[in-house]
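Report on the structure given below.
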Amino acid sequence: MREYLLTLCITAAVTYLLTGPVRKFAIVAGAMPEIRARDVHREPTPRLGGIAMFFGLCAGLLVADHLTNLSEVFEKSNEPRALLSGAALIWLIGVLDDKFEIDALIKLGGQMIAAGVMVMQGLTILWLPIPSVGSVALTQWQGTLLTVALVVITINAVNFVDGLDGLAAGMVCIAAAAFFLYAYRIWYSYGIEAAAPATLFSAILMGMCLGFLPHNMHPARIFMGDSGSMLIGLVLAAGAISITGQIDPDALKLFAGSEKAAVHQTVPVYIPLLLPLSIIAVPAADLISAIVRRTWRGQSPFAADRGHLHHRLLEIGHSHSRAVWIMYFWSALIAFGSLAYSVNSASMWIVLGVVFLSAIGLVLLLLPRFTPRVPMWAQAIVPPRYRRRRPAVAESAESAESVESVEVEQRTPVAAGVAGVNGATALRARPHAPERRKAETSR
């Protein structure tokens, strides 16, 4: 566990430290497209955050290769090298898309090629545990097609949900945390070495997301872009493929008897990982609804619109931050609920707890304009929107002071490259500023 945590921390540190320089590079390189109709941010914001995440992935794999226990993963398995090869290819396609906006069909082809590269190096599904049947061995073509489909679906599910600041990175981090706990339990508790690569992939994925989130929370100073969303989607799919399709269910020995009975007993364990759509159920539901909605309208499934789940949360009155936290809540409920059910499927308390938390989540969805007020002693430690209102006299005086401060800020020009200014204003002044100065001189 110490080595896994060290790998996670190194990955997070490298990603966090590189995101700032990558942001400056993205501004200089012009990887900062104009605001589209479906976007929710108000200023052009640089992309290419996936560059820092990819180097964090490389740093995590490099550190793990030199650790005493984790180095055995690289000696006994070719899966880390397969992951790095597929990740490098999908990352390169994402960087080109962040800069030049390549066609959606080209990206789809690149995703399939990246999945094929991983399959060629051994990261593929060999068999499936099916209830009441047992372990069904797959042919080479069946395993390849299922692996490619799983990778492409997971990548696009993560890519579709990347619409609000910090949403995709946070949801994938939650899924990776639940996945890490499950994979570590299989590797450590049952002594199955084949689960070690998936455990390593999950730890690195958590580090990538945690290192990028401080720069991506609202208001975001940089976006991960397709270079980041497709990358973390591929890493998540690689972990699910590694532990689902290459571990014999009978090796767990959870049930003394035939292989069929062993598979039936371990169904609560394997079903959430057989299709990682249950771990990333929220982006998967968003993906399916988007495809159905666009096809019903006669549009291409890849056509962009403002009908995603996060867009709907904003339309019914939720703030940007609250919409993100609601999506976090549902992701954590599904991911950790599946994890708890896999540990003890016979416990009725787990089912009741999931139902109770689901009711709380529905209440949060139905109260978009509810703003809780905290006690007076906690006023200084909560955001301003949760504080109690002051008397009218104090509010009028405060508003007058704010007007004066705004006038002072308007008279003071903002220098290019000032920290804390996101988007195009970090590189140069706003476009309408020269016209205003010109008009003042003409007077």
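The values are calculated or read from the model by the stated rules, or taken from the named source; none is laboratory data. Everything quoted here is computed from the prediction, not taken from an experiment. A quick note on method: Cβ atoms are made from the backbone with ideal geometry, for glycine too, and the neighbour counts reach across all protein chains shown. Ligands, DNA and RNA are stripped out before the accessible areas are found, and what is left, the full protein with its side chains, is counted by its heavy atoms. Shrake-Rupley method; radii C 1.70, N 1.55, O 1.52, S 1.80 Å.
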Filter the helices (runs of 4 or more DSSP H) completely within the range 261-374 down to those with at least 2 residues that are of a type in the set (D, E, K, R) and modelled with pLDDT of 70 or more.
281-296
Quick check on VAL172: is it assigned to a helix (DSSP H, G or I) and out of contact with any Cys (no Cβ under 6 Å at 6 or more places or on another chain)?
no
Could you check the range 224-249 and list, in sequence order, the residues that are of a type outside the set (A, V, I, L, M) and modelled with pLDDT under 90?
GLY225, GLY239, SER242, THR244, GLY245, GLN246, ASP248, PRO249
Please specify each residue of the range 87-117 satisfying the condition of being open to solvent by less than 10 Å² (accessible area, probe 1.4 Å) and either within 18 Å of the chain's Cα centre (by Cα) or of a type in the set (Val, Ile, Thr) (or both).
ALA87, ILE90, GLY94, ASP98, GLN111
Give the number of residues within the range 81-126 that are outside any helix (DSSP H, G or I) and within 20 Å of PHE201 (Cβ to Cβ).
6
Which members of the range 173-217 meet the condition of being farther than 18 Å from LEU61 by Cβ and under 15 Å from the mean Cα position of the chain (by Cα)?
CYS173, ILE174, ALA175, ALA177, ALA178, LEU213, PRO214, HIS215, ASN216, MET217
First in the range 69-80 and closer than 13 Å to THR199 by Cα, second anywhere and at pLDDT below 90 and surrounded by fewer than 18 Cβ atoms within 10 Å (Cβ to Cβ), Cβ under 7 Å, 6 or more apart
GLU79/GLY122
Out of PHE179, PHE223, PHE212, which single residue is outside any helix (DSSP H, G or I), in contact with a helix residue (DSSP H, G or I) (Cβ under 9 Å, 6 or more places away or on another chain) and crowded, with 22+ Cβ neighbours inside 10 Å?
PHE223
Might you check whether a residue that is among the β-branched types (Val, Ile, Thr) and under 16 Å from VAL22 (Cα atoms) occurs anywhere in the range 222-229?
yes
Taking the conditions exactly as written (of a type in the set (A, V, I, L, M, F, W, C), within 18 Å of ALA198 (Cβ to Cβ) and surrounded by fewer than 24 Cβ atoms within 10 Å (Cβ to Cβ)), does LEU61 satisfy them or not?
yes
So in the range 183-194, with the set limited to residues that are in a helix (DSSP H, G or I), surrounded by fewer than 24 Cβ atoms within 10 Å (Cβ to Cβ) and in contact with a helix residue (DSSP H, G or I) (Cβ under 6 Å, 6 or more places away or on another chain), which one is modelled with the highest pLDDT?
TYR184
